[in-house]
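Notes for the one structure printed next.
Throughout, read-outs are computed from the coordinates displayed, never taken from laboratory work. Values in this document were obtained by computation on a predicted structure and should not be read as measured data. Cβ atoms come from the backbone with ideal geometry, glycine included; neighbour counts cover every protein chain shown.
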Amino acid sequence: ERMGQLILILLGESFLKVVLAIGKDGGRPDYLLLTCTFIIVFSLWALYFEPTIAGIVPNTISRMRVWLIAHIGIGASALGLAVGLSEMTILDQEVAITKVATLLIAFPLMFMLFCLAITEIATPSPVHVTRYVRAGAALGVIGVSAVSLYTPLDGPSFFLVLIALVSVTAVVIDRFLIKKLDDSPKTRQQIFDAWTDPSKGAL
């Protein structure tokens with residue numbers, strides 16, 4: 001529970017830092033950019049707090065270690081994303097996005113999505129389809145960033161729109177898969193077996 005509260009605070013820091021950066025810069029805020037920032041942060045929140053098929057807390061020491069290490073990565077990524085989003089906010093919206101600004105957003109976001117996939121793998125469920133959603137979203141971020149690096153986009157807002165679309169798509173697919181699998185009696189039996197016999201789990 002406390003780990004979840006810490007992640008929630010760190011994600012909130014991302015949006016707060018954007019607001020503070022706008023105030024410090026003294027310019028007029030770009031409402032499209034702010035909307036995209038909120039969507040990205042909310043999507044990460046949804047992916048993290050989305051109840052996994054088997055629950056959140058691992059049931060073996062090895063899984064717990066993996067889970068905790070992944071959370072360190074999530075926390076560090078959230079802080080890095082806060083810096084990247086705040087830097088993106090104060091860029092000139094009329095010029096092409098810079099490579100540095102792209103990497104400040106892409107790298108922590110990609111790393112966080114991979115860490116979210118790892119935390120899902122660390123749960124005792126033998127069913128881990130949603131890890132592919134998170135890993136796929138990370139690859140989507142890499143793709144958008146590559147396009148931005150080698151094909152200059154029209155300002156930071158357009159880049160964040162693409163990143164926000166990747167994030168929302170991941171949440172929608174994630175919710176759909178979890179709902180579908182959670183309603184399956186076969187999946188529920190597999191989860192029960194994994195909890196009662198850890199050797200049947202993923203790790």
TYR150 paired with LEU68, simple spin-label distance in nm, labels 7 Å along Cα-to-beta-carbon
4.2 nm
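Order the peptides 168-175, 62-69, 102-109 from the highest to the lowest mean number of other Cβ atoms within 10 Å of their residues. Provide the component values of the computation, followed by the final result.
On the way: 168-175: 17.9, 62-69: 15.2, 102-109: 21.9.
Per-residue Cβ counts within 10 Å, averaged per peptide and sorted highest first, yield 102-109, 168-175, 62-69.
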Two-site label geometry, VAL161 and LEU177: point separation in nm, points 7 Å out along Cα→Cβ
2.8 nm
Given points 7 Å out from each Cα along the Cα-Cβ axis, report the TYR132 to LEU32 separation in nanometres with one decimal.
3.5 nm
